[in-house]
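The values are calculated or read from the model by the stated rules, or taken from the named source; none is laboratory data. Just so you know, these numbers come straight off a predicted model, no measurement behind them. Cβ atoms come from the backbone with ideal geometry, glycine included; neighbour counts cover every protein chain shown. When the accessible area is computed, the model is the full protein with side chains, heavy atoms only, and any ligands, DNA or RNA have been set aside. Shrake-Rupley method; radii C 1.70, N 1.55, O 1.52, S 1.80 Å.
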Amino acid sequence: MHNPQLNRKGELQHLLTLDGLPAAILKQILDIAEPFTEVAEREVKKLPLLRGKSVFNVFFENSTRTRTTFEIAAKRLSADVINLNVATSSTNKGETLLDTIDNLCAMGADMFVVRHATSGAPYLIADHLRNTGREHISVVNAGDGRHAHPTQGLLDMYTIRHYKKDFSQLTVAIVGDVLHSRVARSEIAALATLGVPEIRVIAPKTLLPTNVERMGVHVYHDMREGLKGVDVVMMLRLQNERMQGALLPSSQEYFKCYGLTQEKLELAKPDAIVLHPGPMNRGVEIDSAVADGKHAVILPQVTFGIAVRMAVMSMLAGQ
Ligand code: CP
């Protein structure tokens, strides 16, 4: 079946989800990102690949890492970057999402980087552009509802490959609020596509989607059992903003059962790495001693995110 993210030549046209993207494209993005990490070491941190292009960051939800690293990445590729301030935009006067997009297109947009609380919003924009003959304008999903956060998934894969080299030998545990997490969905899709043989999810029943096993993961409710012998621990934030009703007794109780402490981490392999997409809730899902400890690769994730987003944008621009 044709993947709506790919053009007729099989090249990336939009990046909406990692689900269904071929392994060859995931690996291509990681490979292209590799030399981009060196741009940060240069005196002039610029490449001309997006010169003359206008990238619009349109974030309808809060962000520190994703919005800023997209901006840095686009600027390093010499694009003009426009950050729409949604809080002070005409959205607040009742303008629809697609009317806003049409107006930004009229200002010469070549690429939209979109974050939205509603799952599917970036798809709606990509469909609208296709249906109105503007398929040359690309859409990058920077996180939509609970659905997907593809560039986070990619930068996590980049980080794992950087430290562990070979996906085919790994046991990876994803811990926490899988139910509300777009990051977890993108991570699981990418890990499976890249051939990770053992993907575990560790969470209370109330924070797991029904039939989560169908995603090809092994489920653990006991964190100590689930962490035994793992190479990679991927922690998730408790997404309180997406919870309806009380799914947990208390954050103290949650930390006791599912918070990552030094003592629990010792059950993983001695050279295990710890990832967290941020923002972190210290003392809720992760202890500060772990977050700042020698196994944590949380800040390198952020740095790699710039190169990975440069790779995605340069591929979308056909470079
Ligand atoms: N990981 C992530 O999406 O962080 P931000 O919400 O700060 O962009």
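In a DSSP loop and with at most 15 other Cβ atoms within 10 Å, the trypsin sites (Lys or Arg not before Pro) in the range 252-319 are K294. Our summary gives the chain a relative contact order of 20 percent, counting only alpha carbon pairs under 8 angstrom and 6 or more residues apart.
With Cα atoms as the point set, the radius of gyration and Dmax of the range 150-302 evaluate to 13.9, 42 Å.
For I101, the shell of other residues with beta-carbons less than 12 Å away shows a net charge of -3, using +1 for Lys and Arg and -1 for Asp and Glu.
Applying the criteria of a DSSP loop state and at most 14 other Cβ atoms within 10 Å to the trypsin sites (Lys or Arg not before Pro) of the range 41-130 yields R42, K45, K46, R51.
Ligands, DNA and RNA are left out, and with a 1.4 angstrom probe the accessible area of the range 150-302 is 41 Å² per residue. Over the chain, dividing the summed -39,500 (n - 2.57) contributions of all DSSP H runs of at least 4 residues by the number of residues returns a 222 nm mean residue ellipticity of -10500 deg cm²/dmol.
To the nearest µm²/s, what D does Stokes-Einstein give for the range 184-227 at 25 °C and 0.890 mPa s, using the Kirkwood radius over alpha carbon pairs as Rh?
Numbers: Rh = 10.9 Å.
Approximately 226 µm²/s, per Stokes-Einstein.
Label sites at E263 and E213, each approximated as a point 7 angstrom past Cα along Cα to Cβ, lie 3.2 nm apart.
Taking only the alpha-carbon atoms of the chain, what semi-axes of the equivalent ellipsoid follow from 5 times the gyration tensor eigenvalues under a square root, in whole Å, largest first?
Values: eigenvalues 213, 97, 67 Å².
That gives 33, 22, 18 Å for the three semi-axes.
Spatial offset of the range 218-241 relative to the range 65-114 amounts to 35 Å, using the alpha carbon center of each.
Full extension of the chain segment joining Q252 with Y163 gains 28.8 nm, where the gain is 0.36 nm per residue of separation less the Cα-Cα distance.
Here K205 and R282 are evaluated by their C-beta separation; at R0 = 30 Å the FRET efficiency comes out at 0.75.
Computed over the alpha-carbon pairs of the range 1-132, the distance histogram in 10 Å steps reads 10, 36, 38, 14, 1 percent, short to long.
Which whole-number percentage describes the relative contact order of the range 1-127, with Cα contacts under 8 Å and a sequence gap of 6 or more?
Numbers: 119 pairs, mean separation 33.7, N = 127.
Averaging sequence separation for qualifying contacts and normalising by length gives 27 percent for the range 1-127.
The share of accessible area on the range 150-302 that comes from carbon and sulfur is 52 percent, using a 1.4 angstrom probe.
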